[in-house]
Amino acid sequence: MKFKFRLEKAAQFFSRRETAKKLELAALTEKMLGLKKELEVFEDENRSVFSKNSQFQTVAAPWIRVLMERVDSNLLSIKQIQTEIEHLLGLMDMKKQELSAISKRKKALEKVKEKKFAEFKLKQSRSEQKRLDENYQILELIKE
């Protein structure tokens with residue numbers, strides 16, 4: 001007799017869903033890192049503009065306007081990136097909760113599988129013992 005877990009397909013389904021959620025989470029994390037690098041680039045550019053601004057203040061006033069327009073553009077981009085990062089953080093939190101729920105279901109199925117396997121082994125050993133007892137009784141009857 002072979003052990004067959006009736007909920008094996010469900011366990012495989014939850015395993016695949018768990019893997020998919022982990023991949024989604026990894027993709028969101030990768031996107032988050034890219035946005036943070038982009039944000040850092042804009043902030044560095046603003047710092048360099050402000051350092052140039054102090055150099056050009058005495059030389060040419062038109063440069064100041066160009067540099068300040070650049071800063072305003074960068075600030076707008078920074079705000080957009082920050083809102084996108086906040087949105088991604090919300091998505092990541094939601095995906096983590098989904099992953100947690102899926103992992104809990106998967107673990108519950110694994111526990112059920114272990115319990116069913118233990119019951120199967122017990123049943124198998126009992127039937128084996130019963131067969132041995134019957135064989136012994138038959139041998140005893142034959143001896144008499």
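The values are calculated or read from the model by the stated rules, or taken from the named source; none is laboratory data. From a predicted model like this one, the values you see are computed outputs, not experimental measurements. Counting neighbours? That spans all protein chains shown, and the Cβs are built from the backbone with ideal geometry, glycine included.
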(message) Could you go through segment 96-108 and let me know if any residue there is surrounded by fewer than 13 Cβ atoms within 10 Å (Cβ to Cβ) and more than 30 Å from Phe5 (Cβ to Cβ).
(response) no
(message) Quick check on segment 31-50: of everything there that is of a type in the set (A, V, I, L, M, F, W, C) and under 15 Å from Asn74 (Cβ atoms), which residue is nearest to the chain's Cα centre (by Cα)?
(response) Leu35
(request) From the list Leu122, Leu139, Leu76, pick out the single residue that is in a helix (DSSP H, G or I) and closer than 30 Å to Lys37 by Cβ. (result) Leu76
(message) Among (1) free of Cβ contacts under 8 Å to residues at least 60 places away in the same chain; (2) more than 28 Å from Lys2 (Cα to Cα); (3) hydrophobic (A, V, I, L, M, F, W, C), there is one condition Leu132 misses while meeting the rest; what is its number?
(response) (2)
(request) Please name all residue pairs, on different chains or six or more residues apart, with Cβ atoms under 9 Å, provided the first residue is in segment 69-87 and is among the charged types (D, E, K, R) and modelled with pLDDT of 90 or more and the second residue is assigned to a helix (DSSP H, G or I) and surrounded by 11 or more Cβ atoms within 10 Å (Cβ to Cβ). (result) Glu84/Lys31; Glu84/Leu35
(request) Only residues that are over 30 Å from Leu109 (Cα atoms), touching a Leu at 6+ places or on another chain (Cβ under 9 Å) and among the hydrophobic types (A, V, I, L, M, F, W, C): list them for segment 10-50, please. (result) Met32, Leu35, Phe42, Val49, Phe50
(request) Kindly indicate which of Lys116, Lys111 is at pLDDT 85 or above, surrounded by fewer than 12 Cβ atoms within 10 Å (Cβ to Cβ) and in a helix (DSSP H, G or I). (result) Lys111
